[in-house]
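Written below as structure tokens is the structure these notes are about.
The values are calculated or read from the model by the stated rules, or taken from the named source; none is laboratory data. These numbers come from a predicted model, not from an experiment. Glycine also receives a Cβ, built like all others from the backbone with ideal geometry; neighbour counts cover every protein chain displayed.
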């Protein structure tokens with residue numbers, strides 16, 4: 001069951017426990033951050049296996065001012081076309 005708390009700006013925060021992927025499948029989680037004052041966006045991604053072990057991750061940032069929708073699209077595309085950080 002999600003838990004709720006308040007963000008410092010008054011908007012609710014929902015914390016949800018996510019299910020792990022099936023064995024042999026990796027799970028990709030992406031997130032973005034927008035800093036409108038400094039005109040940059042941050043992109044983050046983490047890849048985990050079914051035991052929760054991190055098998056890859058990256059973070060980067062770009063200068064520019066974009067909508068949240070465009071930032072999420074950029075993060076998804078960037079993740080799809082980037083090489084994993086620790087290839088074996």
Practice item. Collect the residues in the range 1-27 that are surrounded by 10 or more Cβ atoms within 10 Å (Cβ to Cβ) and either modelled with pLDDT under 85 or not in a strand (DSSP E or B) (or both), keeping them in residue-number order. Key: 13, 20, 21, 26
**Study point:** Residue ID - farthest from residue 18 (Cα to Cα), chosen from residues in the range 59-82 that are part of a strand (DSSP E or B) and under 14 Å from the mean Cα position of the chain (by Cα)
**Key:** 61
Review point. Picking from 52, 56, which residue would you name as being modelled with pLDDT of 85 or more and not in a strand (DSSP E or B)?
Key: 52
Check your understanding: If only one of 42, 56, 52 is surrounded by 15 or more Cβ atoms within 10 Å (Cβ to Cβ) and within 22 Å of residue 19 (Cβ to Cβ), which one is it?
Key -> 56
